[in-house]
1. Ranking B:S105, A:S379, B:S122 by Cβ neighbours within 10 Å, fewest first, what do you get?
2. Give me a comma-separated list of calculated 3J(HN,Hα) values for region A:54-69, in order, Karplus coefficients 6.51, -1.76, 1.60 applied at θ = phi - 60°, integers in Hz, x for any Gly or Pro.
3. Along the positive direction of the dipole of chain B (beta-carbon charges: Lys, Arg +1; Asp, Glu -1; about the Cα centre), which of B:L373, B:V101, B:P325 reaches farthest?
4. Based on the Kirkwood radius over alpha-carbon pairs, what is the Stokes-Einstein translational diffusion coefficient of chain A at 37 °C with 0.692 mPa s viscosity, in µm²/s?
5. Hey, any idea what Rg/Rh is for region A:164-246, computing Rh the Kirkwood way over Cα pairs?
6. If you average 1/r across every pair of different Cα atoms in region B:130-208 and take the reciprocal, what Kirkwood value do you get, in Å?
7. How large is Rg/Rh for region B:212-282, to two decimals, with Cα atoms and a Kirkwood Rh?
8. Could you tell me whether region A:17-67 comes out rounded, prolate or oblate from its Cα gyration tensor? Rule is a ≥ b ≥ c as square roots of the eigenvalues, rounded for a/c under 1.5, then prolate if a/b exceeds b/c, otherwise oblate.
2 protein chains.
Amino acid sequence: MNSDGRGVNWSARAARRTTRLRPSSIREILKLTQTGEVISFAGGLPAAELFPVAAVRAATDRVLTERGRAALQYSTTEGDAGLREWIAARHPQVGIDGVQVVSGSQQGLDLVAKCYLDPGDSVAVAAPTYPGALRSFEPYEVRFQPVKIDDDGIVPESLEAALAAGSTLIYVIPNFDNPTGASLSVERRHAVVELARAYGVPIIEDDPYGELRFDGAELPRLVDLAPDVVIHAGTFSKTLVPGFRLAWLVGSPAALDPVVRAKQAADLHTSTFTQFIALEIVRSGLLEEQVDKVRDHYRGRRDLMLDALDRELGDPALGFRWTRPSGGMFIWVSGPDSLDTTALARAAIAAGVAYVPGEAFYPEPGQVSGLRLSYSVASPDQIESGIARLGHILRQGT
Amino acid sequence: MNSDGRGVNWSARAARRTTRLRPSSIREILKLTQTGEVISFAGGLPAAELFPVAAVRAATDRVLTERGRAALQYSTTEGDAGLREWIAARHPQVGIDGVQVVSGSQQGLDLVAKCYLDPGDSVAVAAPTYPGALRSFEPYEVRFQPVKIDDDGIVPESLEAALAAGSTLIYVIPNFDNPTGASLSVERRHAVVELARAYGVPIIEDDPYGELRFDGAELPRLVDLAPDVVIHAGTFSKTLVPGFRLAWLVGSPAALDPVVRAKQAADLHTSTFTQFIALEIVRSGLLEEQVDKVRDHYRGRRDLMLDALDRELGDPALGFRWTRPSGGMFIWVSGPDSLDTTALARAAIAAGVAYVPGEAFYPEPGQVSGLRLSYSVASPDQIESGIARLGHILRQGT
């Protein structure tokens, strides 16, 4: 407002839901790590040195040569028909009408929340879970029902309790969960979709990491088991590149019916240009090659990090344990109850290593004995010395 | 649901706000025009033959050569610092902290609505106005206060009545309005921002067409007159290309404070790749050249369409009038009260010409004697014969 009291008092004018808009605590940590000699295991970024820059250039050249005007023009809200066909081909249970292109998985979560959450509703989420999902649901003025998660993913009995308590939406990361690295077992996949059916409650299956499997056999996607109750979110961000902001929702046409209208209201459509380039790349067969490359790279990094953790924190007397993910980008370390990873974070950064304190991943405050490590961007040397520094801090901190 | 009654009843599960999600009526008309020999003045697309395809290719090559990895990686929610600096330089009243990059103006409207509209609030909008804006506000369960608009833009007395009736947000397209083509006079610009100040109500200034001025002097932007009460939405969609989905909000840091958090929740950030390419293009100086080209092209088309309208509907006895826009893409034709442009639309398409019936642009049903013509994509021959067909239909239809 002006000094004469005229003008807009922006904070007084803000909608009630803005009180639920919390900044990302991870981003605050990332800012601290951008100075000095800090080895960061905090970010969840893919390894940029693996990006297929030359292939993107070649695909862009082809797109601009062959259909440049169309690539730069407005396009349909549902997404490019060719790209939707490619996505639909990966999900034989749904046709092209069950595919909605979105501007990153985060937008997919936001649109599903916008279409399926009223103020006061409660969402069943693993505790811990991906904070970006919590941030996408919160503006819709919802509550969370925490669901237990262990090495086999979310615990069906705990999910059932959340549903019995009235949750109207289930959020699951079935493969190589963020932050725990856990994958939902086959038995639990069946149990989870049956619970959803029994309670008539939709599932959002957020699956950014599913293709980055290092060990073991692929497990069925929830949407493929139960296309009647699941909206699946897939993305190019962890396999190809995140900078395109290109992802998709897959589900029954009935489930997506309000979503396409919400998408139109939200941003008309996703970039035609990046959709065309991505389609050119997947048609060239490069995506499989790229996924193999990323997978091999991350597998090696995971192995190094697990070895280093064994060395630094493997003494059972110390009371630490950590997950052994079969894919993805994250390891979850938990320590004795006396460990406060929030309190230790600054000391760790001062000692030259960064992680994300576990607290950031809980729908409610209070859980401070865990932390998330990412092995996706660190070099082998950084993993060696970073985990040594971390071990020192954690051993002192308990 | 399954036949046994288990499963998700998606429409019953849908959030209350989804009842406010209406599909775009313009898109339905556009679908009808995609078959056969219909000359379409319905779409609001820019002319694709003017797109700087070669410059986009050159800029993309430079971006991928010089900083390919960064261009394909995640980036900040606020937008690329270089691009934000370029935008801030066009608005000396605000610094870089007053710039938020968004994925198209439509997303800008959605984010402002999300941050500043509670259920039951009312938005002051011109009647007629841009339907995409109505679609972006509606999911927030708001009402509309219609504001009169004439050849000098929205009428301040009518806006004041809307504010007195309790509107808490003002939506304005100050330059070459969609659909009327009208521009807000300088006097009214001052009056409008003073009303906003007096009532303490924010303005969204949606300005996609401001640079496409054919005649007369540039008028001050509302945000430059009153950065304390205005959030301005600018875009590359009508000057460079729409397929990048690249636009920006400009306002005071206080105004944008919740917007950046809403953006993070909505889609993390806008495509790094398209931001880098656009920045490369604006730095090369090509944008000015491109704007000149687009402006000259559209000016010629406008002149042809106005001449054709004079010929076909100029007889005062017919009771038609139309706007004479000094820029932008649209002419608004209004006929005698007996004209029903909704009823005539199918006959017009059958006769080989399409327009958007005026009804689509009103916040409430009922106004059917106007229609919108776009001259941006039609060729000179199409304008000649299309307006002849339209004249025939309209003369018969009154």
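1. The most exposed by this proxy come first: A:S379, B:S122, B:S105.
2. Rounded to whole hertz, the list is 5, 5, 5, 4, 5, 5, 4, 4, 4, 4, 6, 6, 8, 8, x, 5.
3. B:V101
4. For the chosen part, D equals 148 µm²/s.
5. Rg/Rh for region A:164-246 comes to 0.99.
6. 12.8 Å
7. Here the Rg-to-Rh quotient is 1.02.
8. oblate
Just so you know, all these numbers are worked out from the coordinates, no wet-lab data involved. Nothing here was measured: the structure is a model prediction, and the numbers come from that model. Because the Cβ atoms are built from the backbone with ideal geometry, glycine has one as well, and the counts that use them run over all protein chains shown.
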